[in-house]
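Worksheet: one structure, shown below.
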Amino acid sequence: MQDYKIEVQKRELSSKKSFVKGLRHNGDIPGIYYSHDSKESIPFMVTQKILREALKSDSQVYKINVGSKTRDVIIKSIQYHPITEKMIHIDLYGVDMDTKVIVKVPIIIVGQSVGVKDEGGVLNQNMTEVEIECLPKDIPQNIEADISDLAIGDTLRLENITISDNLALVGDLEMLIASVVAPAKQEEEEIIESEDEGDESTGDTGDETDSSSEENNESASE
């Protein structure tokens, strides 16, 4: 695991919106550090540039120097502006490198489904991230889910994916990750065909009834 240090600066905790707006106007992002072993929380700020560079690194655990100590942290959450998509707030969570943590990591779909490639099916992805438990140093960048063997009607669930021995999945193993379904147009055609078959059956019955009626009329005439 590569160590990556994020340069942060301690700041005062203020409830005034003007103070926070001033930080963001200057290109800084307000944040809060939360300790893993106490109720301690420390407000800090970090520049947009430094945080963007940190997110581009291969690290999942970062080092910060705040409150006169060097601390190991993971990113707990990042808030983005709904329009500009700029980062507007970050929470960092302190970790003990010898204690397991539960974190969410992205699910990456790999492979090409036979149901999509050969059968014209459509892939539906139901999960984009998964919770895992592991030591901080073992946190992966993502979890791969191979869909190569999925045909139309097949599903891939948490219990079907392969992970390293030092990782543990958290949650219901029956949760659906992805599935391959028939295209909507094909489903509509099948419904129409079923309706047509029903109409034909009704028509045949009507013909037989008419024939019987004609025979009865002829017998009555005789």
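The values are calculated or read from the model by the stated rules, or taken from the named source; none is laboratory data. Quantities reported herein were computed from a predicted structural model and do not represent experimental measurements. Note that each Cβ is placed from the backbone with ideal geometry, even for glycine, and that neighbours are counted across all protein chains shown.
Out of I75, I152, I139, I132, which single residue is in the same structural domain as S35 (by TED's automatic domain parsing) and either over 30 Å from E53 (Cβ atoms) or surrounded by 12 or more Cβ atoms within 10 Å (Cβ to Cβ) (or both)?
I75
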Out of (1) loosely packed, with under 12 Cβ neighbours inside 10 Å; (2) at pLDDT 90 or above, the odd one out for N160 is which? (1)
For segment 80-100, how many residues are among the hydrophobic types (A, V, I, L, M, F, W, C), in contact (Cβ under 8 Å) with a residue 60 or more places away in the chain and in contact with a Phe, Trp or Tyr (Cβ under 8 Å, 6 or more places away or on another chain)? 2
Reported set for segment 148-173 where residues are assigned to a loop (DSSP other than H, G, I, E, B) and in contact with an Asp or Glu (Cβ under 7 Å, 6 or more places away or on another chain) is A151, I152, N166, L167, V170, G171, L173
Of the residues in segment 63-83, how many are touching a strand residue (DSSP E or B) at 6+ places or on another chain (Cβ under 8 Å) and more than 16 Å from K10 (Cβ to Cβ)? 9
Output the residues belonging to segment 29-62 that are charged (D, E, K, R) and either under 14 Å from D91 (Cα atoms) or touching a Gly at 6+ places or on another chain (Cβ under 6 Å) (or both). E40
For G120, only one of the following conditions fails: (1) part of a loop (DSSP other than H, G, I, E, B); (2) of a type in the set (G, A, S); (3) at pLDDT 95 or above. What is its number? (3)
Run V110 past the list (1) farther than 30 Å from Y34 by Cβ; (2) of a type in the set (V, I, T); (3) over 20 Å from the mean Cα position of the chain (by Cα) and report the number of the one that doesn't hold. (3)
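Assess whether A145 counts as being without any contact (Cβ under 8 Å) to a residue 40 or more places away in the chain, in a strand (DSSP E or B), touching a strand residue (DSSP E or B) at 6+ places or on another chain (Cβ under 8 Å) and not assigned by TED's automatic domain parsing to the domain that holds I74. Full working, then the answer.
On the way: without any contact (Cβ under 8 Å) to a residue 40 or more places away in the chain: yes; in a strand (DSSP E or B): yes; touching a strand residue (DSSP E or B) at 6+ places or on another chain (Cβ under 8 Å): yes; not assigned by TED's automatic domain parsing to the domain that holds I74: yes.
In short, yes.
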